[in-house]
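Report on the following structure.
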Amino acid sequence: MYTAAIYLYLSNAMAYKIYSRFFSPLKSLAMSEKVERRVDNIEKSIGDSRIYRGLVMKNGLTALLISDPDTDNSAASLSVAVGSLSEPKDLPGLAHLCEHMLFLGTKKYPVENEFTQFLTQNGGSYNAYTENDHTNYYFSTKTESLKSSLDRFAQFFLEPLFTTSATEREIGAVNSEHENNIADDFWRLDQLEKNGADPNHSYNQFGTGTKETLWDIPNSKNISVRDQLLEFHSEWYSSHLMYLTILGKEDLNALEELAVSLFGDIEKKNVERPYWSDPIYKEEQLATKTVVVPVKDIRMMSVKFLIPDLRKYYRSMPCVYLNCLFGHEGPTSILTVLKKRGWSSQLSAGNKFGARGIELFNINVDLTEKGVDHVDDIVKLIFQYVNMLRREGPQEWFHDEISNINAMRFQFKDKGSPLNYVYQLSSQMITYKLEDVLTFGYLIREWKPDLIQELLSYFRPDNMRVTVVSKVFQNQTDTVDKYYGTPYSTKKIPTETLNEWEKDDLCEDLKMPLKNEFVATDFNLVPIDNNEPSHPYIIHESLLLRCWFKTDTEFRFPKAFVSVDFFSNIVMTDPFHCNIMMLFVRLFNEDFSEYTWDATMANLNLVIQQSDYGLEMQLSGFNHKLHTLLKKTIDKLLTFKINPLRFEILKEETIRGLKNIDMEQPYQCAMRYNTIVILEDAWTNDELLAAMYDVKIENIEEFIKKFFSHMFMESLVYGNIDKSKALEIIQILETPFLGLDGFRELLPRQMVRPRAVRLEDRESALYETTSDHHSSSCVFIHFQCGVQSSLKNMIISLFNEIITESCFNTLRTQEQLGYIVLSSPSQSHGIRNLDIIVQSDRTPVYVDSRIENYINTIEQLLMQMPEEEFNKYKDALFVKLLYKPKGLMEQAAVYQIEIFTQDYNFNRAQIEAEALKLITKDDIIKFYNDQISQSGPERHKLAVYVRSTLKNTSTEYMNNSSMANYGVSSNEVKFFVGLLEKFEKLSFSTSTLEVWENSLTAFLN
């Protein structure tokens, strides 16, 4: 029923127009001698204006060509059907290192950063990743540069250099990447999953690589890693294992010529595509329980069932049926029962592809303190749910509901950015037919109840592994993972426990879900007013609500977006109030999720989150029943009653979450402290934590009542909504709050947002803190550049465009300071900034000195830059500025940012593009000399150091002049600058620090 209704939303005339434009036959090229087969019958959604062609070349390479005459940038991706499971057992990380090395020079383009520099100058970006069974390379560029970019890209797979010097340096980068992940519980648990596999199976391996696995050990055995890289690439990088996607504005014939001419000569090797048919777990690895001590104070458990690789059944997708049931959050779900018993707050479930031939079904459960003691009971509950599903049998009505929702998602999905689109498609092409590669994961074409029953047969106690993660297992483990240092133990589950789980009994609270009442059935589009404004405009403004409105005139899908920002100045005035709002939002979301889960499943999403000034609410998706969800949400906000049991559980979880912030990555810590230091109103994690213990239910009830009776809302209503429906939404938003007893409007002075703290000319400020959980340190350099304007914004953005590649190449590739290196413009409270971040195993003082040394080289870079090259950077920035949102939700996000920041510059891209045209190289040089150079008269620098306590680097050589801007000349001087009090500045002038230097040096001596 729903699928048929989808097509009715298009008029016959519009349907014919789309068909005639995008499905009319294109006169094809004569079949090239390098092309084996063309595929033109690739199914796409009714709203997709792109044109597709598949190719299978005679060398076996498979290509998908996408012509989009309206695109504002081009993109390409190539997936190779080989990954870390295919590397030599004695060289863990070789496939990952190979991925890194392909960017560092080819025979035709030998300069190491030539490809990345070219993309930077042409408004592009790039990345790559290595998976167990494939490796994906992808990039974007301005449309005019697609051919030149592809030529450089193709050389990765033809003649990479793998130079000795680059190999040695890039091993350092791989090692830094691993060092960044060592204290990350996600990476640790992923490795333990592999450790638990059959020792003789390829899955039992370590894929990232380290200096030890890629340098120290091979050298001790006289193994040349460079030779191994050449051999690995020569053996596995075969054309028939390659899957290429190209998206450009050229027609299909032109794209085919490009693909065939550049990739048609890649050699086909005598190697089969890897497939792992043997199970990763044998009897001795199954029916086990692993206990793990995490880094963060987290508590969770996972139940993993070994299942067959079901990807060949993608037309019926039996796993999706079970994913939706086990992960359901409605009243009769596993999660709801767990919440009522006080054992859990979150659950997720679904199938996981480990590699071709390897698939698992995972059920992950977040545990409360009480839940850790009931792990076996939770597993029992899961099997009782399995028993219920077996007795009920596969339900065709539920399958049809899922199928219809997926069909709606597919037919009305937004275009998506070219870069994300191509890299997702190229990896999917490895497994799925070209005809179905766009519909995979969406369209469920067949009802196969026997496959669902077969899949359920694998949900047995003797075919699973249980993992429990908690700090309570400290000193109770017997094994330490050699790559991450994770303490854990694995033991067989007692027979009596397995027998208990095998019983065919039920829990009366666990049932099939009810029919989803939020599934949209009305896909009609509202008529467009010929005088419809091009940007949102204020449709309503009162003492309580300002509402911006725009009917979508571009994307024309039956979707809408509504955001509401609830603002009150009382929230940020006290960390106690911040905690109250944090807890209220968590309690509300958890309680309301039973109702909203069906809406989420029907592609109508509700997000409520804490903001600096109150809370933000967003509704997005199909507009048919959006107003129903909004009305229910507002009613619930005003009548919500806190469950005492859930309050205690979520308060404890929030306290743990605040404690865990100290264990975040150093660069995240540095960014957070930069915000705290530079903003007028911001609270440290310790201040929030200290205030959290005192929060009680009555505090929340009293504060929320006060908040809702003395606040202001600013809203955006956008999409397939006309003015009359927008006014109905305004009534739903406004009327309940105006009717509250004691409601008072905010005064104008109470509407003022906090400001950023102004650094003085020539001021260099430093804030230092420590990290006790990561071996890497971090330096965050923040140059405050003044109040934003269109011209200033563009000068800073263009300056960053010019330096971004050289900054990365110098500090990361050449000097190997660390894996995380970047420069970026930023904005906070109307102030424009330039930031440089380096996460490194070197001391912060040394890293800062190398950043300053790099900054000194920028002058020469600018002075020697030819005008032609300068204009390339301008053109590249134009491409990024004028990037058009690819869908309704992406456009909504652009509008919302302007409203949230209170800039309301909805035509920002065009205005700033005009400002960019006026900028000359002299303007960039002046900006550098005034605000970035160490001698700049208007330089405002804040440095945030996060120093690791896990490594002793105090003996590292320091250039005595490296901290001249701070007045420090000793090896490394640690000093701590207190946080800002309200309206006070963190300010240490050079002259003041020179006085400190004498005292500190005398003390150190």
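Bear in mind these aren't lab numbers, they're just calculated from the coordinates by the rules spelled out. Please read these numbers as outputs of a predicted model, since none were measured by experiment. All Cβ positions, glycine included, derive from the backbone under ideal geometry; neighbour counts span all protein chains shown.
So what's the projected area for region 575-707, the Cα convex hull averaged over all directions, in nm²?
Working: hull surface 37.2 nm².
The Cα convex hull of region 575-707, projected and averaged over all directions, gives 9.3 nm².
I'd like the antiparallel share, as a percent to the nearest 5, of DSSP beta bridges with both residues in the chain.
80
Could you state the number of Å between the C-alpha centres of region 187-202 and region 30-71?
Their Cα centres are 39 Å away from one another.
Given ILE580, LEU545, PHE555, which one lies farthest toward the positive end of the charge dipole of region 529-588, if we put +1 on the Cβ of every Lys and Arg and -1 on the Cβ of every Asp and Glu?
Value computed over the given set: ILE580.
Bin width 10 Å, alpha-carbon pairs only: give the P(r) of region 695-748 as whole percents, running from 0 to the bin holding the largest distance.
20, 38, 29, 11, 2
Under the 0.36 nm per residue contour assumption, what length would be gained going from the current alpha-carbon distance of ASN856 and ARG311 to full extension? Please list the in-between numbers first.
Numbers: separation 545, 0.36 × 545 = 196.20 nm, distance 5.46 nm.
Stretched fully, the ASN856-ARG311 segment lengthens by 190.7 nm.
Restricting attention to the alpha-carbon atoms of region 496-593, what are Rg (one decimal) and Dmax (integer), both in Å?
Rg, Dmax (Cα atoms, Å): 23.8, 74.
Any idea what log10 I(q)/I(0) is at q = 0.13, 0.19, 0.21, 0.26 Å⁻¹ for region 398-458, Debye with uniform C-alpha scatterers and no solvent?
Taking Cα atoms of region 398-458 as identical point scatterers yields -0.47, -0.87, -0.97, -1.12.
Using the crude model of +1 on Lys and Arg Cβ and -1 on Asp and Glu Cβ, and no other charge, please compute the dipole size for the chain relative to its Cα centre, in debye to 20.
Magnitude of the dipole: close to 1360 debye.
Give me the mean projected area, in nm² to one decimal, of the convex hull enclosing the Cα positions of region 237-291. List each step's numbers first, then the result.
Numbers: hull surface 31.7 nm².
Over every viewing direction, the Cα hull of region 237-291 projects on average to 7.9 nm².
Of HIS96, SER620, ALA756, whose Cα points farthest to the positive end of the dipole of the chain (charges on the beta-carbon: +1 Lys, Arg; -1 Asp, Glu; origin at the Cα centre)?
Going by the Cα projections, it comes out as SER620.
What relative contact order, as a whole-number percentage, does the chain give when Cα pairs under 8 Å and 6 or more residues apart are counted?
That works out to 13 percent.
So what's the back-of-envelope 222 nm ellipticity for the chain, counting only DSSP H runs of four-plus at -39500 (n - 2.57) apiece and dividing by all residues, rounded to 500? Write out the running numbers ahead of the final one.
Values: 32 runs with 387 residues, N = 1005.
Calculated mean residue ellipticity at 222 nm is -12000 deg cm²/dmol.
How much length is gained on full extension from ASP574 to VAL56, taking 0.36 nm per residue of separation minus their Cα-Cα distance?
That pair, ASP574 and VAL56, stretches by 180.1 nm at full extension.
Set the bar at 28 Å for Cα to Cα. Now go through LYS559/LYS651; LYS370/LYS492; LYS471/LYS706 and name every pair that lies beyond it.
With Cα atoms farther than 28 Å apart: LYS559/LYS651; LYS471/LYS706.
What is the gain in length, in nm to one decimal, between ASN871 and LYS705 on full extension, counting 0.36 nm per residue of separation less the C-alpha to C-alpha distance?
So the extension gain works out to 54.1 nm.
What is the spin-label model distance, in nm, from GLU33 to LYS108 if the labels are put 7 Å beyond Cα along the C-beta direction?
Reported label-point gap for GLU33 and LYS108 is 1.9 nm.
How many angstrom lie between the C-alpha centres of region 354-382 and region 400-462?
24
Here are a few candidate values for P(r) over Cα pairs in 10 Å bins from 0, in percent: (1) 2, 9, 17, 23, 25, 17, 6, 1, 0; (2) 2, 12, 21, 25, 21, 12, 5, 2, 0, 0; (3) 2, 8, 10, 9, 11, 13, 13, 10, 7, 5, 3, 2, 2, 2, 2, 1, 1, 0, 0, 0, 0, 0. Which one was actually calculated from the structure I just gave you?
Here P(r) over Cα pairs in 10 Å bins from 0, in percent agrees with entry (1).
Round to the nearest 0.05 the FRET efficiency obtained for ILE911 and LYS147 when R0 = 35 Å and r is the Cβ-Cβ distance.
Taking R0 as 35 Å, the efficiency between ILE911 and LYS147 is 0.60.
Using a Förster distance of 35 Å, how high is the FRET efficiency between THR479 and LYS352, based on the Cβ-Cβ distance and rounded to 0.05?
Efficiency for this residue pair is about 0.90.
Check the straight Cα-Cα distances from LYS107 and name the lysines below 26 Å, setting aside those fewer than 8 residues away within the same chain.
The reachable lysines, counting only those whose Cα sits under 26 Å from LYS107, are LYS34, LYS58, LYS142, LYS147, LYS268, LYS269, LYS872.
Calculate the spin-label point distance for LYS471 paired with PHE640, positioning each point 7 Å from the Cα along the beta-carbon direction, and give it in nanometres.
2.7
Could you tell me how far the Cα centroid of region 839-859 sits from the Cα centroid of region 713-747, in Å?
What the calculation gives is 51 Å, centre to centre.
Could you give me D for region 140-246, from Stokes-Einstein at 4 °C and 1.567 mPa s, where the hydrodynamic radius is the Kirkwood radius over C-alpha pairs? Units µm² s⁻¹, please.
D, rounded to a whole number, is 77 µm²/s.
To two decimal places, what compactness ratio does region 507-555 give when its Cα radius of gyration is scaled by 2.2 N^0.38 Å?
2.05
Mind checking which of ILE649, VAL564, LEU638 is farthest towards the positive end of region 564-683's charge dipole, using Cβ charges of +1 (Lys, Arg) and -1 (Asp, Glu) about the Cα centre?
Result: LEU638, furthest along the dipole toward the positive end.
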